[in-house]
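Data first, discussion second: the structure below is written as structure tokens.
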Amino acid sequence: NIESTLVILNTKLKDRIEVVKDFASDFPSVSCNVGQINQVFMNLISNAADAIEGKGTIHIKLWQVESLVKISIADSGKGMSEEVKGRIFEPFFTTKDVGAGTGLGLSISHGIIEKHKGALTVNSAEGKGSVFIISLPV
């Protein structure tokens with residue numbers, strides 16, 4: 001599903017952003033609504049690309065920790081302040097220019113992951129990029 005999302009976003013990423021994939025070779029199945037999870041991937045990868053000014057890198061990693069599947073999407077973008085980081089999952093909160101975003105993507109993504117009994121977290125610092133981590137039960 002991540003590969004399909006990358007194909008859809010190819011024109012947004014092409015010639016500007018290198019995508020580095022680190023997928024565990026032995027990966028368990030996750031029971032989920034595929035369309036909803038794809039929506040989360042699309043939002044997180046698209047936002048990562050938007051956070052990168054000029055050329056940069058997005059690292060996507062999949063691995064298992066006990067009974068959880070983890071998916072991280074890390075970007076080499078501008079990162080976030082603590083204030084912004086504390087609000088990004090609020091509906092209608094956006095750092096994008098007027099007309100460039102609704103402020104609903106991360107709120108919806110957070111809700112989708114919670115409905116799947118998982119968690120969506122973020123680590124970020126200004127000037128150092130961001131890492132979003134999805135945790136889903138096997």
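The values are calculated or read from the model by the stated rules, or taken from the named source; none is laboratory data. Keep in mind the model is a prediction, meaning the values are calculated, not measured. Please note: Cβ atoms are built from the backbone with ideal geometry, for glycine as well, and neighbour counts cover all protein chains shown. Only protein heavy atoms, including side chains, enter the accessible area calculation; ligands, DNA and RNA are left aside. Shrake-Rupley method; radii C 1.70, N 1.55, O 1.52, S 1.80 Å.
Can residue 88 be described as out of contact with any strand residue (DSSP E or B) (no Cβ under 6 Å at 6 or more places or on another chain), open to solvent by less than 30 Å² (accessible area, probe 1.4 Å), outside any helix (DSSP H, G or I) and of a type outside the set (S, T, N, Q)?
So residue 88 passes the test.
Hey, can you tell me all the residues within segment 91-123 that are among the β-branched types (Val, Ile, Thr) and assigned to a loop (DSSP other than H, G, I, E, B)?
Matches in segment 91-123: 94, 95, 98, 102.
Taking interchain pairs and intrachain pairs at least six residues apart, which have beta carbon atoms under 7 angstrom, with the first residue in segment 60-76 and small (Gly, Ala, Ser) and the second open to solvent by 60 Å² or more (accessible area, probe 1.4 Å) and at pLDDT below 95?
Cβ pairs passing all conditions: 67/138.
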